[in-house]
Amino acid sequence: MTTLTRGPEAVKFPAPAPAVKKRGRWLTITLFLLPALVLFLLLVVAPILVAVYSSAFRWNGFGGLPTNFIGFDNFTRLFGTEIFAQDLWHLLVLVLFSVCVQLPFSLAIAMLLNQRIRGRALYRVVFFAPYVLSEVITGVLFSLILSPESGMANQLLSVFGIESEWLADPDTVMPSLFLVMTWKYFGFHMMIYLAGRQNIPNELIEAAQIDGASSWRTFRHITLPLLGPTIRISIFLSVIYTIQLFDLVWILTGGGPSHSSETMAVTMMEYGFKRSQVGYASAISVVMFVLSLVFALIYQRFVMRRDLEGATTNMGGRR
């Protein structure tokens with residue numbers, strides 16, 4: 001005789017309420033974001049607040065907290081100096097050269113290295129390699145190359161009767177500085193453009209070629225418009241970096257000769273660490289922050305608005 005036994009019935013737990021699931025989801029997100037948020041507050045927000053606070057005092061950085069409150073006098077003094085006007089002019093010149101020369105050059109090299117040419121992988125590595133070097137190494141390297149006594153630049157150009165004190169002549173220091181910036185950063189923008197170009201479907205290019213479009217017309221009417229978001233990001237990064245430019249200038253020229261290559265960051269370092277005018281240097285840093293913030297907000301509002309809206313729409317569609 002066979003005896004059938006029934007196993008224990010499975011215990012069914014009630015499904016969690018939607019509110020509980022949502023609360024648990026937000027708790028998980030908060031725990032993952034908390035370390036990054038703490039670092040952001042300590043390394044970004046806190047220094048900004050300290051700089052804003054210090055800019056309202058005449059302070060040398062020693063003797064505890066500042067006590068000699070002077071309000072906006074540091075800003076009034078800054079806006080009334082000729083050096084600040086020179087810094088703004090140098091910023092404008094470097095931004096124009098970067099946008100009008102460096103970035104088009106990077107785009108041209110990217111389009112060239114997108115072609116099927118022998119050794120293009122090696123060329124990409126070689127052109128990108130300068131970006132991997134630190135600004136300090138780049139500055140020391142070019143200070144040797146552009147040295148008026150034993151530099152490679154003068155030795156090569158002396159064949160054509162061209163010699164100059166590239167970093168000590170007010171007429172050549174800014175072009176020399178821009179040349180170093182281009183050598184250092186064009187590879188970074190080249191890789192950005194190359195990545196953007198490879199995201200363009202080849203079918204569009206092939207269809208234009210079948211229709212009889214020349215290489216220039218294909219680039220002008222298909223490739224360039226589709227690279228628009230990439231180019232706008234590249235311009236944004238280039239301008240923000242130029243506003244904060246410090247390392248290369250400090251190592252190559254120190255802002256000289258006679259302030260002819262000085263930037264706001266170099267001026268801030270000069271007054272903050274060499275002259276112990278920390279309150280005044282803090283005012284310069286606040287102006288740099290405001291310039292960067294205003295440019296970022298305006299650029300994103302009027303130039304990158306369509307790109308940001310498209311990204312938000314795509315993210316919403318993936319949820």
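The values are calculated or read from the model by the stated rules, or taken from the named source; none is laboratory data. This one's a predicted model, so the numbers in the text were calculated from it and none came from an experiment. Neighbour counts are summed over all protein chains in view; Cβ atoms, including those assigned to glycine, are modelled from backbone coordinates with ideal geometry.
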Subset of the range 280-319 [touching a Pro at 6+ places or on another chain (Cβ under 9 Å) and at pLDDT 95 or above]: 285
query: Pairs, please: C-beta under 7 Å, at least 6 apart or cross-chain, first residue more than 9 Å from residue 194 (Cβ to Cβ) and in the range 100-117, second surrounded by 12 or more Cβ atoms within 10 Å (Cβ to Cβ) and among the small types (Gly, Ala, Ser)?
result: 103/234; 103/238
field: Residue count, the range 106-119 (criterion: part of a helix (DSSP H, G or I) and in contact with a helix residue (DSSP H, G or I) (Cβ under 6 Å, 6 or more places away or on another chain))
entry: 5
message: Could you check the range 286-308 and list, in sequence order, the residues that are aliphatic (A, V, I, L, M), assigned to a helix (DSSP H, G or I) and under 17 Å from the mean Cα position of the chain (by Cα)?
response: 288, 290, 291, 293, 294, 296, 297, 298
message: Looking at 141, 167, can you tell me which residue is of a type in the set (A, V, I, L, M) and not in a helix (DSSP H, G or I)?
response: 167
- request: Just one of (1) among the aliphatic types (A, V, I, L, M); (2) surrounded by 15 or more Cβ atoms within 10 Å (Cβ to Cβ); (3) farther than 19 Å from residue 112 by Cβ trips up residue 210, so point out which.
  value: (2)
Extreme residue, surrounded by the most Cβ atoms within 10 Å (Cβ to Cβ), among residues of the range 213-243 that are in contact (Cβ under 8 Å) with a residue 40 or more places away in the chain and among the polar types (S, T, N, Q): 234
- prompt: Can residue 147 be described as out of contact with any Pro (no Cβ under 8 Å at 6 or more places or on another chain) and either loosely packed, with under 10 Cβ neighbours inside 10 Å or part of a loop (DSSP other than H, G, I, E, B) (or both)?
  reply: yes
message: Cβ contacts < 8 Å: first residue surrounded by 14 or more Cβ atoms within 10 Å (Cβ to Cβ), restricted to the range 155-176; second residue at pLDDT 85 or above and charged (D, E, K, R), any location; separation 6+ or different chain. Result?
response: 172/165
field: Checklist (1) surrounded by 15 or more Cβ atoms within 10 Å (Cβ to Cβ); (2) closer than 26 Å to residue 230 by Cα; (3) modelled with pLDDT of 95 or more applied to residue 96, failing item
entry: (1)
field: Lone qualifier among 223, 218 - being under 30 Å from residue 130 (Cβ atoms) and of a type outside the set (Gly, Ala, Ser)
entry: 223
message: Given the criteria small (Gly, Ala, Ser), over 27 Å from residue 123 (Cα atoms) and either at pLDDT 95 or above or assigned to a loop (DSSP other than H, G, I, E, B) (or both), does residue 212 qualify?
response: yes
- line: Across (1) buried (at least 17 other Cβ atoms within 10 Å of the Cβ); (2) assigned to a helix (DSSP H, G or I); (3) without any contact (Cβ under 8 Å) to a residue 40 or more places away in the chain, residue 122 clears everything bar (1)
- request: State the number of residues belonging to the range 39-91 that are in a strand (DSSP E or B) and in contact (Cβ under 8 Å) with a residue 24 or more places away in the chain.
  value: 1
